[in-house]
Amino acid sequence: MQEVEMERFQRQIILQGIGISGQQKLKASRVLVVGAGGLGCAVLPYLAAAGIGKIGIVDGDKIEESNLHRQILYSTEQVGLYKTSEAAQDLVKKNPGLEVLVFEEFLTAKNAAEIFSDFDLIIDATDNLFIRYVIDDTCIACGKPFVYGSIHQFQGQVSVFNFEGGPTYRDIFPEDNKSAPNCAEAGVLGTTVGLIGMLQANEAMKIILGIGEVLSGKLLIYNLLNNTQQVFEFGNVPKPKKPHISESFEIISPEEALLGDSILLDVRELGELPEVSLETVLHIPLSTLEKEFSSLDKSAEIRIFCQSGIRSRKAADLLARKGFEKLKLIRGGAKDLLNADRSRKTEKTSF
């Protein structure tokens, strides 16, 4: 190793089990972080500072004011810019020898395998239940481990899936268990994502270095309100030879959703705010969609939205089982759709 690198990582190199050979392992490693939000902002700086050689960041989201209380890589001046590129600039400042690959797009079942192919290890820093199944399925198919982390209010979870033939995400979270709210619905404290993100980074480095006890087959649950932690063990569940790849629906932006002829299907419950009263919006709550789906035209393209995306995916799954083929999901929720409509009207009236 070069003298500059030796000096930078000296306090790490002297640790038992790391040494120069361990530092070289970190430099040779290729880690992909899916999500540059709260968890990603905690994971990424520690990976970069530790000397990981190549980091990929996948996220199509832009920085919003509501992100700043927990997504500590960003500042007020960066609102409206892509998270991935802004995070990348910060990481290279921390470690000039780092190579960062930026993917300014959302992970889907269609692009996951191609993106994953260039990396050894995947870290799930998302806030999206469906995408976790995509990550799991793709990691199984590609033979890659992934480090999982999730947040619910003051509590966080960490585990490692598909590590050396160990249990997968589906072994502990069957796909029909998709009702948990995301951060936008349940709320989140910045320190919670900070702690869980650091634990994820720690698991990733243990895997790369081959040291310690990896959380494979174990789910760590930490409660920051009462400072308690529990570890639950779980095992492999028999699976078919080929992993099931989650059905993928095309995800379109709110701006795209407002273009062309289609039905905008609002599957929120009656009375939920904000109210979306656009001409092309049809309101059928998810709770009654099973009984009312026959009122929809199967030949029409149906673009579905809810408050955050969880119920719209369930609605799409239901309609797909009923024979509907022209289904698309609108990214974000009702608020994003209204903002896109206002922007469109403003553009039309501007000179």
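The values are calculated or read from the model by the stated rules, or taken from the named source; none is laboratory data. Since the structure is predicted, the reported quantities are computational estimates derived from the model, not experimental observations. Positions of Cβ are generated from backbone atoms using ideal geometry, with glycine treated the same way; all protein chains shown enter the neighbour counts. Note: accessible area is taken over every heavy atom of the protein model, side chains too, but ligands, DNA and RNA are not part of it. Shrake-Rupley method; radii C 1.70, N 1.55, O 1.52, S 1.80 Å.
Summary table
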item: Where Arg313, Arg170 fall by accessible area, highest first, once all protein chains stay in place (1.4 Å); result: Arg170, Arg313
item: Phi to ³J(HN,Hα) by Karplus 6.51 cos²θ - 1.76 cosθ + 1.60 over the stretch 17-33, Hz, x for Gly, Pro; result: x, 10, x, 5, 5, x, 5, 5, 4, 4, 5, 7, 7, 10, 10, 9, 10
item: Charge context of Asn67, other residues only, Cβ under 12 angstrom, K/R +1, D/E -1; result: -3
item: Linear extension gain, Glu325 paired with Leu278, 0.36 nm per residue minus alpha-carbon span; result: 14.6 nm
item: Rounded FRET efficiency, nearest 0.05, which uses the C-beta distance separating Ser262 from Gln89 and R0 of 45 Å; result: 0.75
item: Ser21, Ser277, ranked by accessible area, largest first (probe 1.4 Å); result: Ser277, Ser21
item: Theoretical FRET efficiency, 1/(1+(r/R0)^6), r = Cβ-Cβ of Glu77 and Lys335, R0 25 Å, to 0.05; result: 0.60
item: Surface accessible to a 1.4 Å probe, per residue, for the residues of the chain, Å²; result: 49 Å²
item: Residues of the stretch 267-297 with amide N under 14 Å of the 7 Å Cα→Cβ point at Lys345; result: 275-280
item: Ile304 long-range amide H proximity, modeled H, under 5 Å; result: Leu265, Lys328, Leu329, Ile330
item: Proximal lysines to Lys345, defined as alpha-carbon separation beneath 26 angstrom and excluding residues fewer than eight positions away on the same chain; result: Lys62, Lys328, Lys335
item: Ratio Rg/Rh, restricted to the chain and using Cα atoms, in which Rh is the Kirkwood radius; result: 0.99
item: Full-stretch length increase - Asn226, Glu269 - with 0.36 nm per residue and alpha-carbon distance subtracted; result: 12.0 nm
item: Listed pairs Lys54/Lys218; Lys291/Lys322; Lys218/Lys314; Lys27/Lys83 exceeding 22 Å between Cα atoms; result: Lys54/Lys218; Lys218/Lys314; Lys27/Lys83
item: Distance (nanometres) between label positions extended 7 Å along Cα→Cβ at His69 and Lys291; result: 3.9 nm
